[in-house]
Amino acid sequence: MDIKTELHLGDCHEVLQRLPDNSVDLVFTSPPYADQRKNTYGGIHPDEYVNWFMPISKELLRVLKPTGTFVLNIKEKVVEGERSTYVMELILAMRKQGWLWTEEFIWHKKNSYPGKWPNRFRDSWERLLQFNKDKKFNMYQESVMVPMGDWAKNRLKNLSDTDKTRDTSKVGSGFGKNVSNWLNRDMAYPTNVLHLATECNNKNHSAAFPEDLPEWFIKLFTQEGDWVLDPFMGSGTTNAVAQRMSRNSIGIEIMPEYYHQTQKMLQPVVHVLFEAEQPYESAEPERNRAVR
């Protein structure tokens, strides 16, 4: 299989306008958080974040396939001792834009840095917001199943009569369970909480996330040969994982040093130096030649 990795140097809002409609299977990205990474990306004030992001999400809505998924890694910051509401405001604005807010995953950082604050504990989790264009989207749940674990050996060893029928909840919720359904199963579906350590290797980037993070979502929402897009490429983790997993990918980065760093790391690639005055040609010719 001929796997392609496109790298674009430029502002993602401008570069995205050159990508064809309905051409991407998964968007996985972590944009600069509000007022963070100022030394790298300048920083966006929380009050301006939604207005800054909406033109970008509009283009992502256009390029994503109807069967595709957009996963946004983001977290509110603390402003003068109070959590900002810009992420919640962004979710509401994206819903008005036409996105479906399908699910929310939590990344539990198993090795978060210790620290002391007068009014809160250390941050050890981040949001991963799932958005879709349509209620019917590609999702390959079996690819992320996990072992049942040792608990099943003891719990399922001696089942009661209640365990063998649907035991309806006593609180009147309408939910119920049949424990015997877990007999003879080696694998189970995971929860929406991912327990992963933060990036431990020095990638010369201020906000690199671990490879396990995009890998899990690439498994869940794509198959080999599909297209993965990261409009805030950074150190190129998403594209590196996509390439390793036999997915085509597109990475967009505004900072030349990170673009060239990723360019050296990934092979073979299509290097695209974005120039605003050049029109973007049809997808397939562009993806089969290098643009200098």
Meets criteria (surrounded by fewer than 18 Cβ atoms within 10 Å (Cβ to Cβ), among the acidic types (Asp, Glu) and under 18 Å from Val27 (Cα atoms)) for Glu224
yes
Which residues, taken from the stretch 199-227, are modelled with pLDDT under 95 and hydroxyl-bearing (Ser, Thr, Tyr)?
Ser206
Which pairs do you get when a residue that is over 17 Å from Thr237 (Cα atoms) and touching a residue at least 24 places away in the same chain (Cβ under 8 Å), found in the stretch 1-16, comes within reach of a residue that is of a type in the set (Asp, Glu) and surrounded by fewer than 23 Cβ atoms within 10 Å (Cβ to Cβ), reach meaning Cβ atoms under 6 angstrom, with the pair 6+ apart or on two chains?
Leu16/Glu59
For the stretch 224-252, enumerate the residues that are under 18 Å from Pro210 (Cα atoms), more than 13 Å from the chain's Cα centre (by Cα) and part of a strand (DSSP E or B).
Ser249, Gly251
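The values are calculated or read from the model by the stated rules, or taken from the named source; none is laboratory data. No experiment lies behind these values; they were computed from the predicted model shown. A quick note on method: Cβ atoms are made from the backbone with ideal geometry, for glycine too, and the neighbour counts reach across all protein chains shown.
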